[in-house]
Each structure stands twice: as structure tokens, then as C-alpha cells.
There are 2 protein chains.
Amino acid sequence: MNVELIIIVMALVSIVTAIFYAARVVRIQVGAGGGSEKETAKLKEISAAIAEGAMAFLLREYRVILLFISFMTVLIYLLLDNPKTEFNEGIYTAVAFVSGALISCLSGFIGMKIATAGNVRTAEAAKTSLSKAFRVAYDSGAVMGFGLIGLAVLGMIGLFLLFTGTNVGVAKHILMESLAGFGLGGSSVALFGRVGGGIYTKAADVGADLVGKVEKGIPEDDPRNPATIADNVGDNVGDIAGMGADLFGSAAEATCAALVIGATASALADNNSALLYPLLISAIGIPASLITTFFARVKEGGNVEKALKLQLWISTFIVAAALYFVTDIFMIDSFQIGDKTITKWNVYTSVALGLFAGMFIGWITEIYTSHSYKPVREVADACETGAATNIIYGLALGYKSTVVPVILLVIVIVVSNILAGMYGIAIAAIGMISTIAIGLTIDAYGPVSDNAGGIAEMAELGKEVRDRTDNLDAAGNTTAAVGKGFAIGSAALTSLALFAAFITRTQNASKEMGEGAIDLTSIELLDPLVFGGLLFGAMLPFIFSAMTMKSVGKAALDMVKEVRRQFKEIPGLMEGTAKPEYAKCVDISTSAALREMIPPGLLVLLSPIVVGYLFGVKSLAGLLAGALVSGVVLAISSANSGGAWDNAKKYIEKTAGGKGSEKHKAAVVGDTVGDPFKDTSGPAINILIKLMAITSLVFAEFFVTKGGIVLNFFK
Amino acid sequence: MNVELIIIVMALVSIVTAIFYAARVVRIQVGAGGGSEKETAKLKEISAAIAEGAMAFLLREYRVILLFISFMTVLIYLLLDNPKTEFNEGIYTAVAFVSGALISCLSGFIGMKIATAGNVRTAEAAKTSLSKAFRVAYDSGAVMGFGLIGLAVLGMIGLFLLFTGTNVGVAKHILMESLAGFGLGGSSVALFGRVGGGIYTKAADVGADLVGKVEKGIPEDDPRNPATIADNVGDNVGDIAGMGADLFGSAAEATCAALVIGATASALADNNSALLYPLLISAIGIPASLITTFFARVKEGGNVEKALKLQLWISTFIVAAALYFVTDIFMIDSFQIGDKTITKWNVYTSVALGLFAGMFIGWITEIYTSHSYKPVREVADACETGAATNIIYGLALGYKSTVVPVILLVIVIVVSNILAGMYGIAIAAIGMISTIAIGLTIDAYGPVSDNAGGIAEMAELGKEVRDRTDNLDAAGNTTAAVGKGFAIGSAALTSLALFAAFITRTQNASKEMGEGAIDLTSIELLDPLVFGGLLFGAMLPFIFSAMTMKSVGKAALDMVKEVRRQFKEIPGLMEGTAKPEYAKCVDISTSAALREMIPPGLLVLLSPIVVGYLFGVKSLAGLLAGALVSGVVLAISSANSGGAWDNAKKYIEKTAGGKGSEKHKAAVVGDTVGDPFKDTSGPAINILIKLMAITSLVFAEFFVTKGGIVLNFFK
């Protein structure tokens, strides 16, 4: 069977599925479910404002990104323009880079379009039944899920065919290195998506809450709050576009890492069906996810959360089974990488290990962030003695929640490495996100439901409708936490795989250079250059978090001032007789996000390039390892502390105490601190570690041949 | 000149100096400075209660420590009882271990005794003048400073003479490894001192504040607050005994690491005067510090903070100059370690580098934690919008404050390594704390002044007296932050030096074993066992912090309940007509500290032993490196966030807003969160990284010969 063809067909199936779901969502008419004409008009007006704000942000963000892409393309061309071979690595890498970046942008655009169409239609469907509303939100998510992975797979197989078809004589491992540009492109867009989107959404959220809930005592999503539209826009730009770009990056990067490492094995390089195995994993996840969607249904009054979690389990088991046969058919019986013999079952075990480790990390995340379990309830109890003890307990919870995920990651790393070397780790990383179509569907479902609730509240739909959207939204919160667990777990494995690919690449490059090159056969932990890099790298996630957290703080402060101003200066606003100026708040978030995403972005992109150029490959290797290990721990703890504070507050609202009590006030402080933790700085670290690793991989040749100028100076 | 004799004489000079200062403090009669008989009686009563509480805690703590020492001694004997050589490493290491532990206990005991005598006498002297009060607090600190380093140096030179004198035929590097037991002993006591003391002091502090200041609105150290004696006891057990044990550990461990590494150079092993150079650095710090004390004076209305900081600079420059001559006279011109040739000036540059890096790290710490500078003022401004933004800004400040110290450490590591290999790093670590006598004097000065203020408040001495003690206390806060910077910087270098000694040791042991041994010549960063260890290790400081922070939270909760109970059940307490039951609060802190210090203690001690035994030396090396890099960053950020919140609150109290305002309430939340950060979890990480490294070093032989049983299983 022709593997390339199978992959292309699967990618097309995925895209068609996305189109099908999109059609099903858009078909729904706002107002068809009943309600007065005035109500319908209001629904349309509000959703239009959100859609407009989201699109305005996205377009302005893409302008910045386009500038950045142009700059990077030139940089790639200049730094990788290696005239010593006939194959011009610079041009091919640049092509792959631009493709990756544009496809990532396109995915974000599609996700945002459908989310801002799906939110109001979910609210509309909630007039009829929970089951129908669930379906609309789920379908909207599925457009993102299937569209994104379809485009990613199509892009990669297309580039693969282009590169191998036009450069028949060139060694596969060199071609695959150029393909890594695709991952860099995807991840660069993710940087801006995650950081910019994260700042946007939390500035709006914190600003809206601080004045609305705390000072004025009006509920969430109250139409009198000038920041409420910005808050709803934020859900889309942060959780849809940001999350999508993040996972797009993971998929692309893990695949590139596996291709780069795999291509060093001559048995794989000579056999396209085996070489393309990493892409096949993602491709086979598509029909598996498609089958899973048939099980997505909720009865009126049913348990939405259970239905969503079931989706993850079903897709995991189908993929695990399908991959068994795929491996048996397409992978060669055994091959050599270095002096390691790897059988196809070693490879299969690595995929399965990544797949199930992802599920377990998600499950542990839930235990630490859902108020159905003890940890969050302890944090809620700590609110009894005030905000300070709430913060102390919440931080401690986050720190503690890192233990099991770290141990699981260590097991995956050690075992898959024993089984299949660094190839095993890359394969495990792909395995972890092989169910990405379902994962993203559920992730995107969350903000769509959240928005639907907001729209229902603002349009003052009936209590029954609002109850249904609340029900949908609550389930989305839990799955969001699970999704974050996945995202960081896959980022860790992906980065490690990229790191391994980087080392492989530099060792080859140094060997090719022959005499005069630095000996890179061994990267010694105790080498001062390595250790210095390690310590410096371990600091980077912290300074990066500091930057993004302060950005949120600063932007929120601007937002608070504007909201206060409107309440003071617009007569009748509090009484509901006058309308607030929503657009001003949208503009504040937009400008702040675009302005504030630049410095952390530069930190991430320039750190590896500067360190590699000045101090050489060994320091850079240390830097990557240090950033990876401290970043993983900080990201997990930030995300889980934030999730726990959020749900501790919800728990207090549901149980004794309730809104307005001292205990609840203490809980709100934790929730507000947690917002940038869980939605800005925590998830952005995923991008930090992946992007630094892939930047190093793409520029590996440059660092070996021209890097380490400070060291040369001392020679 | 006989080097051993010089070192012994210097150690004795140090001890005599301590005795001299102690006599000067104790000579002061309480009540001699005027005041009514009733006032004098009250002074005596309060200070007796504090002294009694502190001593009771220390004795109970020492009982636990004695149990632990017995257990460890047996463990050392069993695991290191290597019958293949005539030199029984187990016995000698056990002797060194017991000596280190007992001397550390003795130092803590002396420090506590003089601090609890000095606090009331400082209050007494404050009746007369600032200058006199300053002198008493300073003198009390000096007893700790000079006593501790004198005993440490005496212990080490004594063991050195004993070991080398009784084992003439045995290679020096084997003897020096046994000497490392001294460092392990010191650091083990430090673990309990820092963790137990840290939990004690913050449980009392947070408990006293939450009810006293927040709920009842009575000032700090108000005699009506039942937890106020416990709070003052806490200053002594945490900041005196804990800090002292921490720095004692650093001094002992850095010296041991330098001796172990140095002894592998045959030129040093054959020449005692050169081999003992590390001890000579500490020894020469003693007269240098003694000269510095002559400059310690403050005029009435003078700037106390400036006087204290001047002390650090003077001692630094004197030591730097003195070491120039010492190096010239006692160090040999050049020697080889491995294939590196090291000149005496390379060694001197390394010491100087450590010495000045310490000063700069202290200076940076001050900039991030003093409200004279922008960072803390920004945090204070963030209180405008409530506790949540205060927390976000404070955490961001802590994260950001890691950049410069980390870069300084990287420079010291890389440069001293280029100059003198791993020996250079060990020497730099000793250099950083060569002014320890002055450093500790100033550190201990802080809690003595703080206590003096508390006693003056409780005994209701005049406003003038209280103003003077406030003045002394404020300066102590700044120098405490600087001291923490030093402590973590030296802990980082010390751990790295120990780590290097550990690697050296295991490589030798594996070579000696010959065939069948694991090849340890290279510890590859990308080896899955190493990388797995790295990731696991990076998680340890976080879980350790979580444990200690929650311990403080739990103990504070008990304290809050007890204080609330007393206010409710004791009639006339709030009116000042009845006395609270101080002893009950002291008992709560004591029991909580002793109970809660066990689990984190076991985590630190067992992690390296279990990992080394199960997964072998490579995983353990990864673990140490991971814990080191993430620990340094987390410790710096925790300490500085905490310090910044504290001073942001003080800044608000001094400027607009003032006590009782909403802004001040927001600041109090930050201060309360910061308490366990800066005084419990942050500083305890110093011990974590040092203790894990020295445990690995002491048991290195065991890990090489018997470790890695899980790996053997897979073979």
C-alpha cells in the first residue's frame, strides 16, 4: 500500500469532516428556537460584537506575526545559506517555515470563525434542550480539532513529497532537517498566540472581575460591565486560537523530531513507509477520532463531564488498537540507530506508553483541580482564615501536583529510551497527542460553551437556558484542566525529542567538519559550559513567567481604570438605562496583548540564538535541558494552582458560605491570582521550551560552524 | 611556618573573641539603666519566658536530632564498612559525622543562649542611647559569629590531624572523603534547625498576626496577644539557630569538598600547607573579621543600616588583601588536577571571585527587597487594586530577581572552573563565606534587635526606647535579606563543589573496581538515566517547598484557634486585666515544628540514597544537578518575593495609606504569604541542595559498588 496516499487521504478526510461539522453549526438560525424578536436581535448584536472583537484582534495579531515571519525567513535564509552542498538548506527550511506558520495562522483563523459562530448558536440551541446545545458546542469544537490536524498532516506530507521529490540525490536526514522548519513556523505562531492571547484574555477577565464583581457587586457577564465583551472575546483568542496553535506546534514538532532522528537510520531512510511512520500515527488518529465522535451525546439532565471524558478514553483505546495493526503492517521488523537495534514492537510500546501516560497525566490534573476531590477542598477550607492562607495552600497544591506527572514523564523517557533510543521518545511524544482531534474538540468546546453562557446572560435569556449553558460550561472547566495537563506533558516530551534531534544534528555536523571542530560526541553534565547553561536555562521559565504575569497585571490595571471611568462618567450605566462603551475595553486588551507579547517573545527566540552564537553548542545544550526541567515543573504547578483556586471558589459558591461571605472574598483573591497563572504564564511555558528547542535544531548547523565566538576568543 | 598551628591558633582566637563578647553582654545588669522596679521585674519576667521557651524548644529538638544522629551513625558504619582496605572508612566517617553534628548543635546552643541574654540587655541599653544598644546587639551577634566559625575550624583541623596522624600509609584523598562526614553532620543538624526553626517561627508569627493584627486590631508584640512570646521565641530558633546551622554547614561542606578534590592532586596531597589552603581561607577570615569589628559603631541618631553594610565591605576587602599574601606564602606555585595545570594565582582569583560575587548577590538582593528602590515600590503600588494584584506583582518580582544572581553564579562557575577546575569552584564557595564571622554577627544582630523591640513593647518602656529599638530592627531587616542572598549563593556553589567531589569520587571508585563496574568517566546529559534524574531532581525543591509551606499553614491554623480561644475564654484579656497563657502557644509551635520537620527531612535524606541504590550513580548525578538548578532559582525567588511583600507593607505604613486602609490590608495579605516563603521554604532549600549533595558524596563508594539494583535486574 502506498503510505503517502493513505496519509493524504486521511488528511483530506479530516478536512472534509471539519467542513461537514462547520456546515452543521452554521445551518442553525439564530432565533429559530423561539424567543421574541427583540431577544433575537439582542443575541445577534452581542455575538456580532464578540465576533468582531475577536477577528479584529486576530487580524492585528497576524499583522505582527507576518512581520515576524518575514524577518525570520530572511534570518533562516542568511544563517543557513550553506553553499558547501548543492542542497540549499536555507531555502528549503525557509519554505517549510513559512508553510508551518501560515497553516498555523489559518487553523487559528478557522477555529476563531467557527467558535464565534458556534457560541451564539449554542445559546440558541439551549433554548430547546441540553442535548442539542451540547451537540452545537461539540460540533464547533470538532471543526477546530479535525481542521487543524488535517491541515497539519497535509502540510507535512506535502513538504515531504516536495523535498524528497525534488532532491533525489540528497540524504534523507538532511532533507528532514529542513522539514523541521515547519515545526518552527508552527511554534512561532503559537508563541504569539499563547502569549498574546493569554495576556488578552486575562487582562479582560481580571479587569472585569476586579471592578464588576468586587467593587460593584454585579454578576459575571453582566451587560452593564464595560469589559464583558472583551472578556468573552478573550475566551476565544486565548483558549481557542492559543491552545490550537500550541497543540499544532506540538504535533508538527514531535513529528519533525521523529523524522530527523529516524532518517539517521539507513533502514528507515531507505523505506518511505517506515520513515513516514510518525506521520502515520497522526493520520490514523483521524479515523479513530471520527469513530469516537459518534459516541458524543448527552441526554437532557445528563452528565456532560462524563460524556466528554468518555470521548478521551474511547479515542485512546481505538488509537491504541489501530496503531497495533498499523505498526505491524507499515513498520519494518527491526532497524538500527547508532548501536541500538529497535524492533517494531519496541516502537509500538513507545507510542502506547506516550498515549496512556497522557491520559494519566490528564487524570491526575483533574484530581488536583476539580472540587470533587480532597486537594481543592483543602484549599477552599483554607479560605476560612483569609486570602493569605488560601494563597499559601494553593501554591503548595500546585507544587505538590508536579510529583506524579514528573514521575510519569520520567518513566516514559527512560523506558521508551531503553526500547527505542531517542526515536522512542519522539514517538512517545506523538503518541501522547495522537488523539489530538478529539482533544482539541473538547478543548474548544469549553470556551464555546463559556461564551454561550455569557451571551445567554447578556441577552437575558430565561433561567432554564442559562442553567443549561452553565451545565455545559462547568464540564468545560474540568476538561480544560485535563487539556492543560496534556499540553504540558506533550510539550515536555516534544522538547526532549527536539533536544535529542538537535544533539544528533550537531554531532553529525561536527563530524562532517572534521578537524578544527569542537568535539561534541559527549555533552558532559559537569562541563562548566554545560552546567552554566543548565543553571541559566533553569532561570528562563521564571523570568518568562514574571514578564507575562506582570503584563497581565499592567493590562488589567488599565482595564480597571477604564471600567471605573465608564461607571463614573456614563450616567445611567449602573441602572441599566445606558450602554457601556464595549469597544474601548476591547481595544485596551488588544493593544496591551500586542505590545506586551513582544519582550517575552524576543526572550524565547533570542536566548538560544545568542547563547549558541556566543558560547557554542555545549552551553546551548545545557540551557535547553535546564529550561526544560524547570519549565515543566513550573508550568504544571502554575496551571494546577490556578485551576485549584478557580474551583475552590466555585466550591465555596456551591456550598456553605456562598457569594459575598468573607470566605468567598478570600477565594476570589486566589481565583484572580490564578488567572494569569493558569491561562497566561503556565501554558506559555509550553511554547518556551518547545520553541527554544526547535530554534536550536533548525540553526544547529550554524551553531556548530560559526557558534562559540567567546570561546574562540579565549583559545 | 607550621600551617596546622596557625589554623589552630586562629580558631582559638575566634573562640576567645566569642567569650570576650559574651562576657561583655552578660555583664550588663537589667535595670541598671534606670526605670522603676516594677518595670525591671517585667523586663526580667518577659525575657525569662522567651529564654525558657527557646531553650525548651532547642532541647526537645536536640532530642530528635540525637535519635537521628544515632540512626545515621549506624547507617554510615553499615553502608561504608568496606573490609577490602585496612582503613575502615565507615568508622572514620562516623566519627567525623558525629563531630560535625555535635559541634553544630553546640554552636546553635551558644547562639541561642547569648541571643536570649542579649535581647533584654539591648532593650536595657536602649534606655540610655542608640549607640549603646547597637553595641549590645552587635556583641551578642558576634558571639555567634566568632564562636561558630572558631568551633568549625577547630573541629576540622582536629579531625584532619587525627585522621592523617593515625593513618600514615593511607592515601590522603581517601582520608579526606571520611572527613566529609563532618560536613554531613553539620548539614544534618542544619536541616532540622532550618526546617524545624522555620516552621516554628512562622507558625507563631502568622498565627499571632492573623488574630492579633487582623481580627483584634492590636499592634505587633502587644502583651495581650497570647502568641506574642511564641513569636519572639521563633525569632531566636529560626533566625539564630537555623541560620547559624545553615552557614556552619556551608563552611564545613565547602571545605570538605575542596579537601576531597584537592587531595586528588598529588602535589597537594604531599604538601600539608597547600592541602590545608581551604581551611586557611576560613582561618584568615577570623583576624580579618576581628579587625572589622573595631569599625562597628553608631552615633545617636546615626544610620545603623549603613554601619552594618560597611562591616561587610570592610571585611571583604581585608580578607581579599590578606588572602593575597596567604596564597603567595602557603600555596605552591602550580599543581596538576587531571590534565589541568593550576597556578596559585588561578586559585587566588577563584577565591576573590567567590568573595566579591557574594557581595554583589547581597547587593542585588537588597535592591529587590528594600523599599528604597523601585521594585518594592511597584509592589506597594499594586496593593491599590487589592491583594490579588499585590500577590501577582510580588511573585513576578521574585521570579525576576533571580536573573542577576544566576548570571553571577554562572560567571563564577565558568571562570573559576576555567582557572582551577572543580577545585576552583570549591575554593570560590569558601571565598564567598570567608567573611562568615562578620556575616553571622550581622545576621544574629537582627533577631536580637527584633526581640529587644518586642520586649520593650511588652514591658511598656518609653517611646524613646522603643524608637531606638525600632531603628535597630529596621536595619536588621535589610541585612537579613542580604544574608539570605549570601546563604543561597554559597549553598549553590557549595553544592556544585560537593557534586564535583561526588563525581570525582565515583569515578575513582569505579576505576578501582575494575572490570564489572559501570563506566562513569562520562555523565552524559542525554543519557536517559541522567535526564530522568534531572527532571525528577528539578521537582524535588517544589515538593519540599509544598511540604514546608503547608506545615506552616497547618501549624498557624492551630495557633489561630488557640489564640481565638484564649481571647474568648479568658475574661479581661482584651482589657489587659488578665494575663494570657503564653506557654500554650509556645507549646503549639514547638510540637508542630518537631512533628512537621520529619517528612521533609526524610524526603531530603532518603531521595539520594534511594535513587542511588535503585538506579545508580548516573541517575543520582542527574538528580543532584536538577535539584541544584531548580532549587537555586526557587530559593532566590521565594526569599525575595517574601522580603519584598514585607517591605511593601512597611512602605505603605510609612507613606500615604497607612495602617488600617484598604491598601494596607492588601499589603498584609502579601506579607503573610511571604512569611513562610522567605523564612521557611526558601531558606530550607539551601539545606536541601547541600544535604543531598553531601549525602551522595559520603555514600559515593556504596552507590558505585552496590547501587543501581534496578538496572542490574534489566541486564
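The values are calculated or read from the model by the stated rules, or taken from the named source; none is laboratory data. This structure is a prediction, so every number in the text was calculated from the model and none was measured. Reconstructed Cβ throughout: ideal geometry from the backbone, glycine too, with neighbour counts over all protein chains shown. When the accessible area is computed, the model is the full protein with side chains, heavy atoms only, and any ligands, DNA or RNA have been set aside. Shrake-Rupley method; radii C 1.70, N 1.55, O 1.52, S 1.80 Å.
The figures follow:
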item: Most to least accessible of A:TRP363, B:TRP645, A:TRP313 (protein chains only, probe 1.4 Å); result: A:TRP363, A:TRP313, B:TRP645
item: Protein-only accessible surface order, largest first, of A:LEU697, A:LEU154 at 1.4 Å; result: A:LEU154, A:LEU697
item: Solvent-accessible area per residue for the stretch B:63-150 (1.4 angstrom probe, square angstrom); result: 34 Å²
item: Where only alpha carbons of the stretch A:90-162 are counted, the Rg and the Dmax (Å); result: 16.6, 56
item: Spatially proximal aspartates and glutamates relative to B:LYS484 (Cα-Cα < 12 Å; intrachain offsets below 8 disregarded); result: B:ASP239, B:ASP246, B:GLU366, B:ASP443, B:ASP679
item: Equivalent ellipsoid, chain A (semi-axes from 5 times Cα gyration tensor eigenvalues, Å); result: 42, 27, 23
item: Distance histogram in 10 Å bins (all Cα pairs of the stretch A:1-59, percent per bin); result: 18, 26, 28, 16, 9, 3
item: Complex-versus-alone comparison for the stretch A:393-407, residues with a loss of 10 Å² or more in accessible area, probe 1.4 Å; result: A:TYR393, A:LEU395, A:ALA396, A:TYR399, A:LYS400, A:THR402, A:VAL403, A:VAL406, A:ILE407
item: Heavy atoms of B:HIS664 accessible to a 1.4 Å probe, total area in Å² rounded to 10; result: 20 Å²
item: Percent carbon-and-sulfur accessible area, chain A, ignoring ligands, DNA and RNA, probe 1.4 Å; result: 63 percent
item: Binned Cα-Cα distance frequencies in the stretch B:582-715 - 5 Å width, integer %; result: 2, 10, 13, 13, 13, 13, 11, 8, 6, 5, 3, 2, 1, 0, 0
item: Size of the B/A contact, given as accessible area buried on both chains, probe 1.4 Å, in Å²; result: 6300 Å²
item: Cleavage-rule hits, GluC sites (Glu not before Pro), the stretch A:542-643, DSSP coil, Cβ neighbours within 10 Å at most 12; result: A:GLU575
item: Axial C-alpha extent at least 30 Å, average Kyte-Doolittle at least -0.5 - helices from chain A (DSSP); result: A:3-26, A:37-80, A:89-126, A:130-166, A:172-208, A:304-330, A:344-369, A:436-458, A:463-513, A:528-569, A:598-654
item: Whether the stretch B:594-658 is rounded, prolate or oblate, judged on the alpha carbon gyration tensor where a/c under 1.5 counts as rounded; result: oblate
item: Where B:VAL74, A:VAL410, B:VAL376 fall by accessible area, highest first, once all protein chains stay in place (1.4 Å); result: B:VAL74, A:VAL410, B:VAL376
item: Rg(Cα)/(2.2 N^0.38 Å) for the stretch B:407-458, N = residue count; result: 1.82
item: Reciprocal mean inverse distance between Cα atoms of the stretch A:551-651 - Kirkwood radius, Å; result: 17.6 Å
item: Using distinct alpha-carbon pairs, which all enter the 1/r mean, Kirkwood radius of the protein assembly as shown in Å; result: 32.6 Å
item: Ellipsoid equivalent to the stretch B:302-421 - semi-axes via the Cα gyration tensor, in Å; result: 39, 20, 6
item: Three-way shape label, the stretch B:207-357, alpha-carbon gyration tensor, a/c 1.5; result: prolate
item: Listed pairs B:LYS400/B:LYS649; A:LYS213/B:LYS202; A:LYS584/B:LYS400 exceeding 25 Å between Cα atoms; result: A:LYS213/B:LYS202; A:LYS584/B:LYS400
item: Gap separating the Cα centres of the stretch B:592-668 and the stretch A:656-715, nearest whole Å; result: 20 Å
item: P(r) of the stretch A:115-274 over all Cα-Cα pairs, binned every 10 Å from zero, in whole percent; result: 10, 26, 25, 18, 12, 7, 2, 0
item: Cross-link table B:LYS44/B:LYS550; A:LYS618/B:LYS690; A:LYS554/A:LYS663; A:LYS172/A:LYS511; A:LYS309/A:LYS344; A:LYS463/B:LYS665, entries beyond 29 Å C-alpha to C-alpha; result: B:LYS44/B:LYS550; A:LYS309/A:LYS344; A:LYS463/B:LYS665
item: Solvent accessible area, Å² - B:VAL214, 1.4 Å probe, full protein context; result: 90 Å²
item: Rounded accessible area of A:LYS374 (nearest 10 Å², 1.4 Å probe); result: 140 Å²
item: Cα gyration tensor, the stretch A:456-585 - rounded (a/c under 1.5), prolate or oblate; result: prolate
